[in-house]
Amino acid sequence: MIINILLVADFIVLAIVMAWYIFRTLRERAYLRTRLSQSMQLQQKVYQAQVLKEISERIGYSLDTTKVVEIITNSLGNLLPYDTVSYMLITDNSAVFKCHVENSVSHEFIEEVKDKILMAFSGILNLDVKPSRFDESVTGNLLDDNVRVGVKSYFNLPVFIGEKLVGVINVASGQFGRFGENEASILYTITNQAALAVTRLQGVLRSERGKLKAVIDSITDGIISVDLSHQLLVANPSVREILEIAPAKSSEVSDITMFDIVDALAGKTDLRTKIDQALAEDKRIFVPDVVLKNRALEINITPVKNEIGEKVGANVVFHDITTEKSLEKLRQEFTAMMVHELRAPLTAVRWSSESMLKNLAQATGSEPGKVKDTLVTIETASNNMLELVNDLLDVAKIEAGKFELNSQEYDLAEVAKQQVEVFKPQAEVKHLALSLSSPEKLKAKFDRIRVSQVLGNLISNAIKYSDSGEIVVSLLVDEANKRVVVGVKDTGIGISREDLPVLFSKFKQLKSGDRSKKGTGLGLVVSKGIIESHGGQIWVESPGENLGSTFYFSLPN
Amino acid sequence: MSEQADYKKLLTELIQKQMVILGPNIALDTARKVPGIRIAGDGVVLEIIGDPVMVLRSVAQEYTVLSSYVTQMALNVLKQKYPSMAY
């Protein structure tokens, strides 16, 4: 009995020990399985990171989608066993299909892969994709039509850059049951991350390109960029304006073609030859004075190189020098006019001096009246020259900002009255009525000599450019604007609408010949400088040619 | 047709489309990761256990991990085809 009890007890102890041992073993196995799984997951992540790093390094900063898909394809092919790895890119109606054969398969197998990829395209885009043109290449092992195995397993990796489907990568095998979730899901992650990196890079470049475009578009010089085959890459809106190319049907400047540009310069310069010259000589080419219909241009052509110093194209800048050329012409005309204006009185002085010397040499004793006339001529010519030189000096002072005033409080009505009296004899010679309309007194602070000079200039001009009628000098107070206004109205030749804006300019070219023929016009330039130095304004109004004009100036009151 | 039958049809279309686009094995394995769905080898959904909307969302979520654009496009097509169903 005792023995039986002891046996049962031993059995129970043994069972407990065995149960404990089994429990511990199972627990340890579960623990090891978990650790193994964690370790595998970690290994998978490390591997994924390595592959992604390799892909990123190989892609670099490439935005060539073909290259990007090719790199991903080549990297993925090494990760798992397969018979073929392929990719297809579709643009418009043509497709690029490339396939690498690892193990020999038949032509039929390749066709099946193509069909699977096209079906994927159709499924994603929800339309029947059937490219009319195939650019196809198969590399790797030779195809063998005796291998009568079709596609038994495959998976597709759609590649999206941005939100656009750019291609589909296919991995295929002739064996069943390949490419389940465990084997293939990592490849989707890698592909998605690589595509995301390219998408981000494109986004950055798009943003930078946008900034650069905004800068180039805002430049008034015309700028174009071309590649080595003269294909137009960039053209800012100023190109169309400067080269006088007719407006596009749409508002897009990109409608400009290289043909438009070359055509606009036809007969003036051969732009394509100049670009080739700049590229061949590897230096900037400058083309001066290209004269188009209404413009003069300078053209600068600069070769463009990539980061490793290879020539990739050229930039061309069209600089409009029409204004500079016009100003240069006006300066030349101004100098010629000044020389002419000085030569006439100088000739008179020389002629008069020679005449007097001749009379003295003959010692015949000239008639006193004749000598007096000659001296008057010399005096008048000298005065004219002095007046011209004074005007030139005044203009120089005004332009240099060194014009000085001696302003005090004076009666403007009295100054105007004096000037009217001074010019009355001249007006009477031409049978012109010269009158003054003014308050009794009009106090203002101004430089008496200089404002008298302005009034004298305006009245003198009114007499010069009027053959009949009257000249009225009027003074009034503009209370609202706290100023006094002086007007000199005539019934003379008037001023055309287009001449009005340039009347106070030093280098003016008046369309109506009469006004420009008489005098240098410097008087108005000096008058403007004097009045503006006082803080006033000077302006002119005229209903048109032969309808008279009124010159006004204002002084602060 | 019952709600279950509607969602079985919709899920079948989604899975079969993913089988064409991504490949049969990966598409089936991915859908089968979701609890509450039984799928045949040709992609036909045999049974949905529990809330079908939740199952649909879970399947879509699994496919989104593989390719978000493809899943979004496929769902957009289904939404146009079955506008009255909850997604």
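The values are calculated or read from the model by the stated rules, or taken from the named source; none is laboratory data. A quick note: this is a predicted structure, and the numbers were derived from the prediction, not measured. So basically every Cβ, Gly included, is an ideal-geometry build from the backbone, and we count neighbours across all protein chains shown.
Confirm whether B:Gly23 is within 14 Å of chain A (Cβ to nearest Cβ) and surrounded by fewer than 20 Cβ atoms within 10 Å (Cβ to Cβ). Give the steps one after another, and end with the answer.
Numbers: within 14 Å of chain A (Cβ to nearest Cβ): yes; surrounded by fewer than 20 Cβ atoms within 10 Å (Cβ to Cβ): no.
No.
Of the residues A:Gly123, A:Gly177, only one is without any contact (Cβ under 8 Å) to a residue 60 or more places away in the chain, in the same structural domain as A:Ile72 (by TED's automatic domain parsing) and in a loop (DSSP other than H, G, I, E, B); which?
Working: A:Gly123 fails: in a loop (DSSP other than H, G, I, E, B).
That would be A:Gly177, the only listed residue that is without any contact (Cβ under 8 Å) to a residue 60 or more places away in the chain, in the same structural domain as A:Ile72 (by TED's automatic domain parsing) and in a loop (DSSP other than H, G, I, E, B).
Sort through A:Phe179, A:Phe160 and tell me the only one that's within 8 Å of another protein chain (Cβ to nearest Cβ), closer than 20 Å to B:Leu22 by Cα and within 43 Å of the chain's Cα centre (by Cα). Working first, answer last.
Details: A:Phe179 fails: within 43 Å of the chain's Cα centre (by Cα).
Of the residues listed, the single one that is within 8 Å of another protein chain (Cβ to nearest Cβ), closer than 20 Å to B:Leu22 by Cα and within 43 Å of the chain's Cα centre (by Cα) is A:Phe160.
Is there a residue being at pLDDT below 90 and either among the polar types (S, T, N, Q) or farther than 30 Å from B:Leu78 by Cα (or both) anywhere in the range A:148-161?
Yes, some residue in the range A:148-161 is at pLDDT below 90 and either among the polar types (S, T, N, Q) or farther than 30 Å from B:Leu78 by Cα (or both).
Answer with yes or no whether A:Asp221 is in contact (Cβ under 8 Å) with a residue 60 or more places away in the chain and among the acidic types (Asp, Glu). Break it down into steps so the answer makes sense when it comes.
On the way: in contact (Cβ under 8 Å) with a residue 60 or more places away in the chain: yes; among the acidic types (Asp, Glu): yes.
Answer is yes for this residue.
What is the residue count in the range A:131-155 for residues that are more than 14 Å from chain B (Cβ to nearest Cβ) and more than 51 Å from the chain's Cα centre (by Cα)?
Result for the range A:131-155: 10.
Among the residues of the range B:28-50, write down those that are within 12 Å of chain A (Cβ to nearest Cβ), out of contact with any Gly (no Cβ under 7 Å at 6 or more places or on another chain) and outside any loop (DSSP other than H, G, I, E, B).
If the condition is that a residue be within 12 Å of chain A (Cβ to nearest Cβ), out of contact with any Gly (no Cβ under 7 Å at 6 or more places or on another chain) and outside any loop (DSSP other than H, G, I, E, B), then B:Thr30, B:Ala31, B:Arg32 are the ones that fit.
Does any residue of the range A:128-149 turn out to be outside any loop (DSSP other than H, G, I, E, B), over 19 Å from B:Leu66 (Cβ atoms) and out of contact with any strand residue (DSSP E or B) (no Cβ under 7 Å at 6 or more places or on another chain)?
No, there is no match, as no residue in the range A:128-149 is outside any loop (DSSP other than H, G, I, E, B), over 19 Å from B:Leu66 (Cβ atoms) and out of contact with any strand residue (DSSP E or B) (no Cβ under 7 Å at 6 or more places or on another chain).
Of the numbered conditions (1) in contact with a helix residue (DSSP H, G or I) (Cβ under 8 Å, 6 or more places away or on another chain); (2) in the same structural domain as A:Val525 (by TED's automatic domain parsing); (3) not in a loop (DSSP other than H, G, I, E, B), A:Lys424 fails exactly one; give the number of that condition.
(1)
Regarding A:Thr269, is this residue surrounded by 13 or more Cβ atoms within 10 Å (Cβ to Cβ) and assigned by TED's automatic domain parsing to the domain that holds A:Asn300?
On the way: surrounded by 13 or more Cβ atoms within 10 Å (Cβ to Cβ): yes; assigned by TED's automatic domain parsing to the domain that holds A:Asn300: yes.
Taking the combined requirement at face value, the residue satisfies it.
Looking at the range A:88-108 only, could you name the residues that are under 23 Å from A:Glu183 (Cα atoms) and under 42 Å from the mean Cα position of the chain (by Cα)?
A:Met88
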